[in-house]
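Down below is the structure, laid out as structure tokens.
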Amino acid sequence: MHRPDMRSLTLIANHKLHGSRESLTAYIHALDAACATLSDQLQIMLAVPHVFLSHAMSARAAASRLHITSQDVSQHAHGAYTGEISSAMLAGIGVTHTLVGHSETRSRLALDDGAVARTALQAQASGVTPIVCIGENLGDYDAGNTHSVLSKQVESLREVIAAQHPCLIAYEPRWAIGSGKTPLMQEIAGAHSVIRRAIHNICDGEKLARDSAIPLLYGGSVTPANVHEILALPEVGGALIGSASLEVSSMIAMASAASALLERK
Ligand code: PGA
């Protein structure tokens, strides 16, 4: 399972609509303490509800390596959009990353690929790095259409991928999120190579370095039991984790597994 090309890994804990100010403080303190001893090549992010972003940033230790991340952001710069938060507002309080187009957000707001791409571009324009989620639904998976759906979704991100500002892409099969089901390991590897090829096709010669600089993460029922196998797959540069990230001991176990993989380089 050793990957000689592995240079860094990113783990993102997505807390969704969970936690309180108090529980988040304890979580951050425990995660910060555990991360201090892990590989420098491991990036750890924590996506919290908007209302906790400022608190989460100030609860971190002085030398914290934890990136506090937004769970979503508006596709608009400003205007009459009650309840929304702009990427400039995130940047203004020092938030550097945001999830964009998570499948739960896509469903709730009926977002299509175009809206997701506009949101990611808006984030990049404010200097906030989008972590764009893509993935097929169960019907597409059952019909064997996963690869064509992914190629189309990557194509819809053409401007985001070609932009100067960085982005990350998370492959999350919609049917694997919160279901306890994951694709077979060779299916995860196959999907990641399709995504990488589609990115490669968008990037011309000059931008090849940028192509390989776009990390691809897997998400959907990642747990301490399967994280090692998933992270060891070619092209998998990290994981986006929901349920199994809520208990800090479970998140620390997954971060330790990722760190061990990096240190075996
Ligand atoms: P899950 O969620 O790990 O609970 O499947 C993943 C996600 O929503 O990003």
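Step through the residues of region 54-66 one at a time and calculate ³J(HN,Hα) from phi using the Karplus curve (6.51 cos²θ - 1.76 cosθ + 1.60, θ = phi - 60°), rounding each to whole Hz and writing x for Gly and Pro.
For region 54-66, the Karplus-derived couplings read 5, 4, 4, 5, 7, 7, 6, 5, 4, 9, 4, 9, 7 Hz, x marking Gly and Pro.
With θ set to phi - 60°, apply the Karplus curve 6.51 cos²θ - 1.76 cosθ + 1.60 along region 30-37 and write out the HN-Hα couplings as whole Hz, x wherever there is a Gly or Pro.
5, 5, 4, 5, 5, 5, 4, 9
Spelling out what I want: for every residue of region 148-163, take phi, set θ = phi - 60°, compute 6.51 cos²θ - 1.76 cosθ + 1.60 (Karplus), and round to whole Hz; glycine and proline get x.
6, 5, 5, 4, 5, 5, 5, 4, 5, 9, 3, 5, 5, 5, 7, 5
Residue 12's amide H: which non-local residues (gap 5+, or another chain) put their own amide H closer than 5 Å, with H modeled 1.01 Å from N in plane and none for Pro or chain starts?
Excluding prolines and chain starts, which carry no amide H, the hits are 45, 239, 240, 241.
Tally Lys and Arg at +1 and Asp and Glu at -1 over the other residues with C-beta under 14 Å from the C-beta of residue 69: what net charge comes out? Write out the running numbers ahead of the final one.
Values: positive: 16, 60, 65; negative: 72.
Every neighbour counted, the sum reads +2.
Suppose accessible area is computed on protein heavy atoms with a 1.4 Å probe; arrange 146, 37 from highest to lowest.
The ranking, largest first, comes out as 37, 146.
For region 60-81 and region 164-193, compute the distance between their C-alpha centroids and round to whole Å.
If we compute the Cα centre of each part, the gap is 23 Å.
Ordering 22, 84 from largest to smallest accessible area (1.4 angstrom probe), what's the sequence?
Numbers: 22 125, 84 85 Å².
Ranked list, largest accessible area first: 22, 84.
Over the chain, how many percent of alpha carbon pairs lie in each 10 Å bin up to the one with the longest distance?
Histogram of Cα-Cα distances, whole percents per bin: 7, 32, 39, 21, 2, 0.
Considering Cα pairs under 8 angstrom that are at least six residues apart, work out the relative contact order of region 155-265 and quote it in whole percent.
29 percent
The values are calculated or read from the model by the stated rules, or taken from the named source; none is laboratory data. Because the structure is predicted, anything quoted here is derived from the model rather than measured. With ideal geometry, Cβ positions are generated from the backbone for all residues, glycine too; neighbour counts draw on all protein chains shown. Ligands, DNA and RNA are excluded from the accessible area calculation, which covers all protein heavy atoms including side chains. Shrake-Rupley method; radii C 1.70, N 1.55, O 1.52, S 1.80 Å.
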